[in-house]
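Everything below concerns the one structure shown next.
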Amino acid sequence: MTLGLTVGYVCTILCYFLLSFAITPSAPHFVSDTGRLRPGYLVVNCMLWLVCAVTGSYTTATLSAAWFPWLPVTALGVFLVVLTWHHPIETQKQLAGFSSVMMAGSSALGVALGHLLKLK
């Protein structure tokens, strides 16, 4: 259970970093304008996080197949929701609540979708 949860979390974060670091240099004006993140990028960021949460949840469910796979997947989901609720974008007062709610929702939906993919 611990291995699946750890690898799923690392997979989620690594996927997110790779996608984020690929987008930022290729479209810097889409990401930020005068030091503030743009609303369009925040929406894209939430969609990227959804894909990464699906990847991490699927990985967790796959590695925890011998156990009850819903238990580590649920733990991953709770951890990702808490993590995204205190996301660094909150320090930016513009759209902070919107970003936190959308990222937390993306986490929960992504974890559920990843687990459903593993069940099929």
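The values are calculated or read from the model by the stated rules, or taken from the named source; none is laboratory data. All of these numbers come straight from a predicted model, not from anything done at the bench. When we count neighbours, we look across all protein chains shown, and the Cβ atoms used for this are built from the backbone with ideal geometry, even at glycine.
Taken together, 2, 55 contain a single residue that is closer than 15 Å to residue 112 by Cβ and either loosely packed, with under 13 Cβ neighbours inside 10 Å or β-branched (Val, Ile, Thr) (or both), which is 55. Cβ-Cβ below 8 Å, separation at least six or inter-chain, first residue in region 28-46 and at pLDDT 85 or above, second part of a loop (DSSP other than H, G, I, E, B) and not aliphatic (A, V, I, L, M): which pairs? That search, which allows pairs on different chains as well, returns 30/38. The set of residues in region 19-39 that are surrounded by fewer than 11 Cβ atoms within 10 Å (Cβ to Cβ) and part of a helix (DSSP H, G or I) comprises 21, 25, 26, 28, 29. Of everything in region 73-94 that is crowded, with 23+ Cβ neighbours inside 10 Å and of a type outside the set (Gly, Ala, Ser), the residue that is modelled with the lowest pLDDT is 84.
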